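The values are calculated or read from the model by the stated rules, or taken from the named source; none is laboratory data. Quantities reported herein were computed from a predicted structural model and do not represent experimental measurements. Glycine also receives a Cβ, built like all others from the backbone with ideal geometry; neighbour counts cover every protein chain displayed. Keep in mind that these areas ignore ligands, DNA and RNA; they rest on the heavy atoms of the full protein, side chains included. Shrake-Rupley method; radii C 1.70, N 1.55, O 1.52, S 1.80 Å.
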Number of protein chains: 2
Amino acid sequence: MKAFPPFPPDDTPGEEIEREAALWRPFAQAVRDLVDASVRTAVGEDEIRAAQAEIEDVVARLRKEQLPATLGVLHRPNGRRRPWGNPVIGVRNPIAPPLVVRSSPEGRAESDFHCGAAYEGPPGLVHGGVVSLVLDQMLGQAVGAGGRPGMTGTLTIVYRRGTPLGDLRAEAWIDRYDEVKTWAKGHLIGPDGVTAEAEGVFILPRQVREQLAAAQRGEDVPPVPGLRIFE
Amino acid sequence: MKAFPPFPPDDTPGEEIEREAALWRPFAQAVRDLVDASVRTAVGEDEIRAAQAEIEDVVARLRKEQLPATLGVLHRPNGRRRPWGNPVIGVRNPIAPPLVVRSSPEGRAESDFHCGAAYEGPPGLVHGGVVSLVLDQMLGQAVGAGGRPGMTGTLTIVYRRGTPLGDLRAEAWIDRYDEVKTWAKGHLIGPDGVTAEAEGVFILPRQVREQLAAAQRGEDVPPVPGLRIFE
């Protein structure tokens, strides 16, 4: 798979995106339910084999036509973000719980979500790596919302106690920044309080850096596709 | 979901485990293929809706009988580990790539695996949180194989460059340890070399600590279920 094939930025109109979302959201939820049922079912072997044959048949039909690249490549933003394939927030990705994230231009992000049996590590607890997966995404959402987007440079997770499977809450915020780096913090909250804390360093892409500098000089700045600029 | 319901340790005989694995492995692979097809298909809307209806029907049949607890709780080890529900290595978990891990009593673990479109973060690249998910598991495998098992206390990931989707390799090893803590390191390797480095601190459970101390005093030590003792 090529990292950056020459596809144009996604300029699908807003109403068409809504229409497609209405198709994909319930489809991905059905597959997500199937993932959950896979680790929780207790039906007999014949039923499992029959289900397998049926699923293989569905897969063969879905594979008849495939996208020319991954969703991340095809949906590179042109004004509006569409992270449908994202394994944490992607509405079209059955691996994603998915998190619905509320964020603000001050660089804050929060989400209430559910982690079921498919995310289990130690008995009854969320896998420590799933905790880091969710927190990495949340810290990224906070820096993005605050106009300081970027790739993760370093991520540190401190596990305070086991995170029970079930309803959880994640919060993240920008702690501080300099010209190039943004430090974000966050945590995961279970029924008994904070279970894990995160700190991440995010590296601002050159394009955004140059636009921020131009804005500070009072120049008229063209919008960065899919990003808002931190005031 | 209760963290530790009173289920007895798993004492399923080895051949029965093999028989069950032969049932679940291809079933979970079919669901895994469906997850991949979900983010890659380009078939028409009618085909998507038909697939959704069929999947919902399979889910309803699988949900007719459900396990009384999560796989992690039901399969708590009694001699032989069976981490089938694990979201990184679980053969029965469609979220898991799954990694097949080779490990050694010196506290080393390695795995060659594949990350497809469902694990995408930035365009064409593995999600940074998926990188941390895989490395957390690998570090845990290394300390477990070395007889120093435990829950993750702290995990730090340093991202050196983007990890391209596709075939990858993960390696982990015990770096050092004291009475209670074990420091493990590891990295992820893509086609152009190391993409991310990890360091984790794992906390040795009291039961294992007491057995290690008894072994050092030359006492006859009962085996820790599912664990080998580091010599």
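Of all residues in region B:190-213, those satisfying the criterion of being modelled with pLDDT of 85 or more and among the small types (G, A, S) are B:G190, B:G193, B:A196, B:A198, B:G200. Scanning region B:54-76 for residues that are under 26 Å from B:P13 (Cβ atoms) and within 7 Å of chain A (Cβ to nearest Cβ) turns up B:L62, B:E65, B:Q66, B:L67, B:T70, B:L71, B:G72, B:V73, B:R76. Has region A:65-87 got at least one residue that is within 16 Å of A:D33 (Cα to Cα) and modelled with pLDDT of 95 or more? Yes, the conditions are met somewhere in region A:65-87. Listed conditions (1) in contact (Cβ under 8 Å) with a residue 40 or more places away in the chain; (2) open to solvent by 10 Å² or more (accessible area, probe 1.4 Å) are all met by B:V131, apart from (2). Which residue out of B:G124, B:G153, B:G193 is more than 18 Å from B:P87 (Cα to Cα), more than 8 Å from every other protein chain (Cβ to nearest Cβ) and of a type in the set (G, A, S)? B:G193 is the lone residue from the list that is more than 18 Å from B:P87 (Cα to Cα), more than 8 Å from every other protein chain (Cβ to nearest Cβ) and of a type in the set (G, A, S).
Scanning region B:160-196 for residues that are closer than 14 Å to B:L135 by Cα and aliphatic (A, V, I, L, M) gives B:L168, B:A170, B:A172, B:I174, B:A184, B:L188, B:I189, B:V194, B:A196. Determine, yes or no, whether A:D175 is acidic (D, E) and closer than 30 Å to B:F7 by Cα. Considered against the rule, which asks whether it is acidic (D, E) and closer than 30 Å to B:F7 by Cα, A:D175 comes out as no. Looking at B:R92, is it among the charged types (D, E, K, R), at the interface with chain A (Cβ under 8 Å from one of its Cβ atoms), touching a residue at least 24 places away in the same chain (Cβ under 8 Å) and assigned to a loop (DSSP other than H, G, I, E, B)? So B:R92 fits the description; yes.
Looking at B:L165, B:L155, just one residue is closer than 24 Å to B:P97 by Cα, at pLDDT 95 or above, touching a Cys at 6+ places or on another chain (Cβ under 6 Å) and crowded, with 22+ Cβ neighbours inside 10 Å, and that residue is B:L165. The set of residues in region A:77-89 being at the interface with chain B (Cβ under 8 Å from one of its Cβ atoms) and either of a type in the set (V, I, T) or without any contact (Cβ under 8 Å) to a residue 24 or more places away in the chain (or both) consists of A:G85, A:V88. Of all the residues in region A:194-211, those that are more than 25 Å from B:L155 (Cα to Cα) and surrounded by fewer than 17 Cβ atoms within 10 Å (Cβ to Cβ) number 5.
Is there any pair linking a residue in region A:47-62 that is without any contact (Cβ under 8 Å) to a residue 24 or more places away in the chain to one that is buried (at least 16 other Cβ atoms within 10 Å of the Cβ) and among the hydroxyl-bearing types (S, T, Y), with Cβ under 7 Å and at least six apart or on different chains, and which? Within 7 Å, the pairs are A:L62/B:T41. The residue that is most open to solvent (accessible area, probe 1.4 Å), among those in region A:29-48 that are under 18 Å from the mean Cα position of the chain (by Cα) and more than 7 Å from chain B (Cβ to nearest Cβ), is A:Q29. Among the residues of region B:78-107, the ones that are more than 15 Å from the chain's Cα centre (by Cα) and open to solvent by 10 Å² or more (accessible area, probe 1.4 Å) come to 6 in all. Checking B:A51, B:A69 one by one, the residue that is part of a loop (DSSP other than H, G, I, E, B), on the phi < 0 side of the Ramachandran plot and surrounded by 15 or more Cβ atoms within 10 Å (Cβ to Cβ) is B:A69 and no other. Within region A:108-121, the set of residues being open to solvent by less than 10 Å² (accessible area, probe 1.4 Å) and either at the interface with chain B (Cβ under 7 Å from one of its Cβ atoms) or out of contact with any strand residue (DSSP E or B) (no Cβ under 9 Å at 6 or more places or on another chain) (or both) comprises A:A117, A:A118, A:E120.
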